[in-house]
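Readers should treat all values here as calculations from the given coordinates under stated rules, not as data from a laboratory. Keep in mind that what you see is a predicted model, and the values were worked out from it rather than measured. A quick note on method: Cβ atoms are made from the backbone with ideal geometry, for glycine too, and the neighbour counts reach across all protein chains shown.
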Amino acid sequence: MRAVAAGSVEAVAVIDLVDEPLDLESRAWLADLRATGAAHDAAVARLHALLLRAARFETARRRPTLPHLRGDELDDIALEAADDALVSVLRRLDDFRGASRFTTWAYKFALLEAAVKLRKRAWQAREVPLEPESWQLFAGGTAPDEAAARSELVSAVRIAVATELTPHQHRVLVALALNGVPIDVLADRLGTTRGALYKTLHDARRRLRAALAESGLDLEEMG
Amino acid sequence: MKDDKKLHALLGPAGPEVGCDDCFELLDRYVEAELAGGDADALLPGVRAHLAGCPACREEHESLRALVAESF
Ligand SMILES: [Zn+2]
């Protein structure tokens, strides 16, 4: 069976929805999680331990970027992420089609939960900048001749950003692409989802690229 | 090369890409294809471009790849 992925930004992903033959370990996971009684409880406990390991992997990876967080705070975040991921995995068990190992599939839920929580924690109590305060970054950081070669493109981009976008596209593009606001943090503040915000970002980028192409600028190397 | 980074962040990837939800759906398969040495981009078109355009999904991809690589 083949199907075009629903909700693609563009319909590019033609996904094989073939149910792969499950490897033995994945099959055992599913059987135990679908069992009842003690076998089920033991499998859920093992799954939680697995998810906690993944969540701690993520908090450990990000620790250097979060110097203000204490070790026990990071551990609390990892535990919360594992708890939330457990709920997601159990709820979506029937969606697992054996396209990967069960553990790989389960890990991604824990990593996502941990990453989102850490991004939000890092931006807690921080104002989310929606105005292009970082344009000045274009002024420095490159050698003079590079800067000159880029200046035409940069000023065209600047004009396109100012004139081609809807107010919502402008706000989202500036926050995400210029000011480095994490997409989950912005989604939270604007009461929307990552997927919806990315769609807005994508539409804004298409609009900019179209405008730049119309004014004859070569974007090939910006691939 | 801050300018190039900013320009890339503003303009995004040139080619077609999947959205964040589809990227998450496909990520486990994509990572295993990469680790197995397969052509993940040909198998699941649009994921690599999305990872180039979306810092959050890119971070999650890097983490999943690193975690799974430990036992692959
Ligand atoms: Zn994404």
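So what are chain B's ellipsoid semi-axes, whole angstrom, largest first, if each one is the square root of 5 times an eigenvalue of the alpha-carbon gyration tensor?
Equivalent ellipsoid semi-axes, largest first: 23, 14, 11 Å.
List the DSSP H helices in chain B whose Cα atoms stretch 18 Å or more along the helix axis and whose mean Kyte-Doolittle hydropathy is at least -1.0.
Flagged H segments are B:20-35, B:55-69.
Give me the extension gain from A:Asp32 to A:Val44: residue separation times 0.36 nm, minus the current Cα-Cα distance, reported in nm with one decimal.
Result: 3.5 nm gained on full extension.
Could you work out the percent of alpha carbon pairs in region A:163-223 separated by over 18 Å, rounded to a whole number?
Here the long-distance tail beyond 18 Å is 38 percent of all Cα pairs in region A:163-223.
Please state, rounded to one decimal and in Å, the Kirkwood hydrodynamic radius that region A:11-122 gives when every pair of distinct Cα atoms enters the mean of 1/r.
Its Kirkwood hydrodynamic radius stands at 15.1 Å.
Which aspartates and glutamates have a Cα lying under 14 Å from the Cα of A:Lys117, excluding residues fewer than 8 positions away in the same chain?
Within the straight-line limit of under 14 Å, A:Lys117 reaches these aspartates and glutamates: A:Glu58, A:Glu73, A:Asp75, A:Asp76, A:Glu80, A:Asp83, A:Asp84, A:Asp184, A:Asp188, B:Glu59, B:Glu60.
What average count of beta carbons from other chains do you get within 10 Å of the Cβ of residues in A:167-180?
Mean partner-chain Cβ count within 10 Å for A:167-180: 2.
Only four residue types carry charge here, +1 at the Cβ of Lys and Arg and -1 at the Cβ of Asp and Glu. Report the dipole size of the protein assembly as shown about the Cα centre in Debye, rounded to the nearest 20.
580 debye
Could you compute the FRET efficiency for A:Ala213 and B:Ala69, with r as their C-beta to C-beta distance and R0 at 30 Å, rounded to 0.05?
In this case the efficiency is close to 0.15.
Counting other C-beta atoms within 10 Å, which of A:Ser88, B:Ser71, A:Ser100, A:Ser155 has the fewest, and how do the rest follow?
Lowest count first: B:Ser71, A:Ser155, A:Ser88, A:Ser100.
Given the C-alpha centroids of region A:161-178 and region A:47-117, what is the distance between them in whole angstrom?
That distance is 32 Å.
I'm a student and want to see the number: the projected area of the Cα convex hull of the protein assembly as shown, averaged over all directions, in nm².
In nm², the orientation-averaged hull projection of the protein assembly as shown is 17.2.
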